[in-house]
Amino acid sequence: MNLLIDDKTKQVLKNANSLVFFTGAGISAESGIPTFRGMDGIWNKLKPEELANFNAFLKNPKLVWEWYQHRKEIIHKCQPNSAHKIIADVQNNFEKVSVVTQNIDNLHRRAGSKKVYELHGNIERNYCIDCKKEYGDNVPLKDGLPKCDCGGLVRPDVVWFGEYLPQDVYTSAEKAAEESDVLFIVGTTGIVYPAASIIYIAKNNGAYLIEVNIEETEVSKSVNKSFFGKAGEVLPQIFNEI
Ligand code: BJW
Ligand code: ZN
């Protein structure tokens, strides 16, 4: 495949010191992890408002807990793909490389990326909704329910609809976006806020925006360059060509 990167994009990348990769579910699709929206998205079958919010958890903790356990099992069987790997590799070629991800699957870290800001949490972590005690992957179950020593329910450390993003993580991500020369937007619909603000923070601070997606998105009209194709094919090709 020849992407024929235009001269401007090539030049910008050659001169860039600071790259940020803003990633979403699409980057992990080629690893075998289903996306949320779109043709094969899990929300074609399940309603987000029934599962990805705190009230749903209180109403039916077993259902929500089991859904996350099921997704964790899928994630554990999956490996980082060539998109995660090239992002980790280019840490050696640029002064500063950060990953701002909406994904909870840990694949960027497993690929070797060092600066990873997880805006929506991490499925490997859990915490008690009452005393906030943190649990790793090993949560004691009582009658099939994840329970803390204090008797409170334990939930996955992910950000559901209507919940605030972890403030320190968001602030660091914002700073990385402000300082970036190039922001890659990879495999995301870019419709979930405040995460998607990262795109416009970078843009307003003069970053060059490059989108990689299998199809046009909300974001396409705002970027300098879109590459339409699979992230695992397009990203290695881009860095091969510069
Ligand atoms: C490929 C590919 C391949 C496929 N290669 N590409 C305006 C301003 C601010 C907030 C709001 C607002 N309007 C509404 C809100 C509220 C809401 C929101 O944004 N809703 C929108 C949907 C309208 N936001 C919130 O509730 C957030 N919190 C908040 O606002 O707090 C403030 C507040 C507090 C109190 C009261 C009121 C407000 C929190 C949002 C949390 C989102 N959480 C989830 C679940 C995380 C846990 C879990 O995983 O279970 O995060 S929802 C889900 O969407 C998940 C994702 O991270 C997120 C984004 O999805 P993503 O990554 O874009 O995936 P997809 O599936 O949508 O897209 C995949 C893309 O990949 C597609 O484009 C494909 O084409 C592409 N693709 N294969 C390249 N191989
Ligand atoms: Zn507790």
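The values are calculated or read from the model by the stated rules, or taken from the named source; none is laboratory data. These figures come from a predicted structure and were not determined experimentally. As a convention, Cβ positions derive from the backbone with ideal geometry for all residues, glycine included, and neighbour counts pool all protein chains shown. Ligands, DNA and RNA are stripped out before the accessible areas are found, and what is left, the full protein with its side chains, is counted by its heavy atoms. Shrake-Rupley method; radii C 1.70, N 1.55, O 1.52, S 1.80 Å.
Points worth noting:
- Sparse-neighbourhood loop sites, trypsin sites (Lys or Arg not before Pro) in the range 194-228 - DSSP loop, at most 12 other Cβ within 10 angstrom: none
- For residue 76, solvent-accessible area (1.4 Å; no DNA, RNA or ligand), Å²: 90
- Taking all protein chains as they are arranged and a probe of 1.4 Å, the heavy atoms of residue 175 leave approximately 110 Å² accessible to solvent.
- Size of electric dipole in the range 31-153: Cβ of Lys, Arg +1 and of Asp, Glu -1, about Cα centre, debye, nearest 20: 80
- Separation of the alpha carbons by more than 31 angstrom is noted, of 133/203; 47/133; 62/230; 72/221; 47/147; 59/230, for 133/203; 62/230; 72/221; 59/230.
- Inter-part distance where the range 67-119 and the range 207-242 are each reduced to a Cα centre, Å: 18
- For the chain, the longest site-free run once GluC sites (Glu not before Pro) in DSSP loop states with at most 14 other Cβ atoms within 10 Å are removed: 1-94
- Diffusion coefficient, µm² s⁻¹, Stokes-Einstein with Kirkwood Rh over alpha-carbon pairs of the chain at 20 °C and 1.002 mPa s: 115
- Computed in the context of the full set of protein chains, the accessible area of the chain at 1.4 Å probe radius has 48% of its extent on carbon or sulfur.
- These residues, 4, 165, 183, go from largest to smallest accessible area, 1.4 Å probe, as 4, 165, 183.
- Per residue, the range 140-223 exposes an accessible area of 47 Å² to a 1.4 Å probe, with every protein chain left in place.
- The range 32-106: trypsin sites (Lys or Arg not before Pro) in DSSP loop, at most 10 other beta carbons within 10 Å: 45
- DSSP-defined beta bridges in the range 34-171 - what % are antiparallel, rounded to 5: 75
- GNM top mover of 159, 192, 20 - the chain, alpha-carbon springs below 10 Å: 192
- Comparing mean-square fluctuations of 111, 56, 83 from a GNM of the chain with C-alpha springs under 10 Å, the top value falls on 56.
- Pairs of Cα atoms nearer than 8 Å and 6+ residues apart set the relative contact order; for the chain it is 24 percent.
- Electrostatic dipole magnitude of the range 1-99 [Cβ: Lys, Arg +1; Asp, Glu -1; Cα centre; debye, to 20]: 180
- In the range 163-242, chymotrypsin sites (Phe, Trp or Tyr not before Pro) in a DSSP loop with at most 14 other beta-carbon atoms within 10 Å: 164
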